[in-house]
Amino acid sequence: MSWYEFHSVLGSIGILAILALSLNVICGMTGLLQLGQAGFFAIGAYAAGLSSIYLTFPELGMLNFVISASVAMIAAGIFSIILGIPCLRLKGDYLAIVTLGFGEIVRLILINLNFSGGKMYPGEKIGGATGIKFTEFPGDIWPKYPDYSAEFAKWWFIWILVAVIFILLINIKRSSFGRAMMCIREDEIAAQAMGINLSKYKLMAFLLSAVIAGFAGALFFHKELAVTPGKFNLLCSIEILLMIVLGGLGSFSGAICGAIILGMTPYLLRHVEVFGYRIGEHQQLIYALLLIVLIRLSPNGIFGMNEVPAWLKIFFKGKKQIPKNETA
Amino acid sequence: MDNFLFFLTSGLCIGAVYALIALGYTLVYGIIKLINFAHGEFYMIGAYAGFGIYLVLPSGTSPIVSIPLIIVSSGIAGMIIAVLTEQVAYKPIRKSGRLAALLTAIGVSFLLQNLASFINKANPLQYSAESTGSIGELCQRSVAIGGSGIKIIQFIFIPVTIILTLILWHIVMRTKFGRAMRAVSQDPDAAALMGINIDSVIRRTFLLGGVMAGIAGALIGFQSVIEPMMGFMPGLKAFIAAVVGGIGSIPGAVLGGFIIGIIENMVIWAGIPTGYKDVAAFIVLIIVLLIRPQGILGSNLREKV
């Protein structure tokens with residue numbers, strides 16, 4: 001594995017970690033099963049891609065990323081509110097099906113959607129099944145700025161953002177908003193009886209989750225400089241879900257841990273062969289088996305609901321000092 | 001716009017297939033409150049099994065013999081895979097809560113899809129239409145209705161669905177096993193106290209659902225290609241059909257299947273690009289869940305604290 005490839009893998013895992021964090025807000029903390037996170041991821045990536053084509057000012061340099069990421073977050077937020085207001089009244093399995101449908105609808109619409117080339121590629125059609133791609137490097141289009149590259153999302157930049165979002169979410173988890181969300185997860189009727197406005201907090205959690213997923217989409221675009229609708233299929237949503245199940249539903253450090261484990265697995269296993277079949281080519285099969293086995297053997301994941309897993313606390317402090325029912 | 005009759009017929013025929021799959025969803029959801037995502041894969045495996053029997057049969061077999069044989073063997077294959085899935089994957093986690101069950105169902109669905117992609121290296125299969133009088137040739141024959149050709153094989157979809165629905169209706173409403181099923185769906189604990197073997201009821205419910213999904217797979221296999229991913233979208237649409245009709249209700253599932261089939265064809269008739277066809281079902285689902293969450297024929301259940 002060359003250094004360049006290694007950095008690319010690190011960056012991809014960072015983006016997966018942000019997605020896992022975002023899904024953990026809605027699935028792990030609020031307890032609403034969301035099977036369409038790839039939809040918000042796709043909206044973010046497309047919004048970032050379109051804004052870099054229509055709204056790029058090469059003289060601003062890094063600020064272009066801020067513009068593009070803000071557009072992505074706003075777009076994902078708007079769609080989450082449009083979807084959330086009617087659908088968050090649904091419960092459990094029905095919500096899962098509707099969000100799954102949303103993810104598929106986004107993908108189907110993106111395949112059928114075409115945009116004009118804007119000021120970057122005048123006269124060309126972009127979009128459709130090939131998606132958005134920088135066919136020429138931005139530095140070649142603006143000869144005045146030969147060093148300008150829209151590839152802002154370097155691996156270290158992504159990981160700094162993972163840390164920032166992680167700290168932000170840990171703080172939200174400890175705030176009254178976070179406690180309200182966890183209360184909704186444990187018992188909706190009890191939460192309502194305690195004066196928690198169900199639809200308000202559900203919508204806020206949904207919005208927060210979608211905005212972070214949209215931001216991950218923007219990072220994805222500025223890392224790859226290309227995006228195709230085929231990436232955002234149901235498997236993408238399930239992969240994210242698998243990460244937080246592996247890490248432990250409700251635990252943000254668990255989500256990052258799950259993303260690292262599942263993100264590294266395909267690269268570690270790509271040269272392994274079983275009965276003449278390359279494991280790397282059957283990633284979906286591995287994921288499916290992993291999902292079934294994980295739920296059967298360890299439904300609480302590695303971290304459980306805590307940020308620091310109970311087994312680690314036992315290891316450092318001994319068993320007696322752990323207070324019961326501790327969260328966060 | 002003038003080929004309304006074509007899209008209506010086409011919608012009714014595909015609706016019959018959705019109805020067959022939806023019946024399995026509605027039975028399983030009624031009993032253990034699980035969206036069996038793998039149900040679409042039972043349908044896919046039924047289609048593959050039917051094709052396997054077609055390959056085994058001598059090439060000169062008359063379609064009058066081979067078509068019923070394919071349908072029956074697909075039903076048996078669907079039954080075997082459904083019971084196997086229930087015993088291996090769902091039974092051990094039945095007590096672990098809804099989320100665990102739903103995630104397992106998704107896992108099983110992906111697993112079966114990926115295992116099926118080893119068959120013929122995931123290349124689509126189709127009944128060969130080379131010699132006249134063979135199944136493939138018969139399946140490709142079409143008649144003109146409303147300006148466009150409809151394959152004549154599609155006309156057996158509706159009678160097959162009606163016959164199977166009537167048999168299912170008889171089993172659920174008139175037999176002792178059906179009474180046990182309805183009891184378990186109302187209150188599993190009380191049913192267990194009354195001496196009903198819940199495990200056996202759940203197993204046989206999966207069996208019934210699997211048979212119908214397998215037969216639906218055989219029917220679709222006659223008119224289009226067979227591939228590992230073929231079960232995914234019809235599975236989702238059939239679940240939507242079951243919800244639209246009222247989950248847990250047999251007439252509801254059939255009605256929902258026909259509604260979804262007709263609406264998605266009417267969308268094309270109305271001039272919306274074919275690519276958006278699959279979107280229509282989800283929009284119908286959202287509208288129905290908002291207006292009448294229990295479905296068209298479903299009974300209203302209030303949440304108990």
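Observations on the model:
- So A:P299, is it more than 14 Å from every other protein chain (Cβ to nearest Cβ), modelled with pLDDT under 80 and within 23 Å of the chain's Cα centre (by Cα): no
- Filter result (surrounded by 15 or more Cβ atoms within 10 Å (Cβ to Cβ) and either at positive phi or under 20 Å from the mean Cα position of the chain (by Cα) (or both)) within the range B:127-150: B:G146
- For B:P68, the criteria (1) modelled with pLDDT of 90 or more; (2) exposed (fewer than 14 other Cβ atoms within 10 Å of the Cβ); (3) facing chain A (nearest Cβ under 10 Å) hold in every case but one, which is (3).
- The set of residues from the range A:237-257 being part of a helix (DSSP H, G or I) and more than 12 Å from chain B (Cβ to nearest Cβ) comprises A:I240, A:M243, A:G247, A:F252, A:S253, A:G254, A:A255, A:I256, A:C257.
- Within the range B:265-290, tally of residues that are more than 15 Å from A:F102 (Cα to Cα), more than 8 Å from chain A (Cβ to nearest Cβ) and either aliphatic (A, V, I, L, M) or under 21 Å from the mean Cα position of the chain (by Cα) (or both): 7
- Complete set of residues in the range A:45-71 that are touching a helix residue (DSSP H, G or I) at 6+ places or on another chain (Cβ under 6 Å) and either under 23 Å from A:I170 (Cα atoms) or among the basic types (K, R) (or both): A:A69
- Residue tally, condition among the aromatic types (F, W, Y) and either outside any helix (DSSP H, G or I) or at pLDDT 85 or above (or both), over the range A:53-96: 3
- Scanning the range B:180-196 for residues that are assigned to a helix (DSSP H, G or I) and either surrounded by fewer than 13 Cβ atoms within 10 Å (Cβ to Cβ) or in contact with a Leu (Cβ under 7 Å, 6 or more places away or on another chain) (or both) yields B:Q186, B:D189, B:A190, B:L193.
- Where a residue in the range A:170-182 is more than 13 Å from A:S251 (Cα to Cα) and its partner, wherever it lies, is outside any helix (DSSP H, G or I), with Cβ under 8 Å and at least six apart: A:A180/A:I196; A:M181/A:T30
- Selection from the range B:71-98 of residues that are away from chain A (no Cβ under 14 Å) and within 18 Å of B:L23 (Cα to Cα): B:I71, B:V72, B:S74, B:G75, B:I76, B:A77, B:G78, B:M79, B:I80, B:I81, B:A82, B:V83
- Pairs, first more than 7 Å from chain A (Cβ to nearest Cβ) in the range B:103-118, second aromatic (F, W, Y), C-beta under 6 Å, six or more apart: B:A105/B:F37; B:S109/B:F37
- Residue in the range B:107-120 that is at pLDDT 90 or above and surrounded by fewer than 19 Cβ atoms within 10 Å (Cβ to Cβ) present: yes
- Residue within the range B:218-232 that is assigned to a loop (DSSP other than H, G, I, E, B), β-branched (V, I, T) and surrounded by fewer than 20 Cβ atoms within 10 Å (Cβ to Cβ) present: yes
- Pairs linking a residue in the range B:269-285 that is over 16 Å from B:F232 (Cα atoms) to a residue that is of a type in the set (D, E) and surrounded by fewer than 17 Cβ atoms within 10 Å (Cβ to Cβ), with Cβ atoms under 8 Å and 6 or more positions apart or on different chains, do not occur.
The values are calculated or read from the model by the stated rules, or taken from the named source; none is laboratory data. What you see is a predicted model; the values in this text were computed from it and never measured. With ideal geometry, Cβ positions are generated from the backbone for all residues, glycine too; neighbour counts draw on all protein chains shown.
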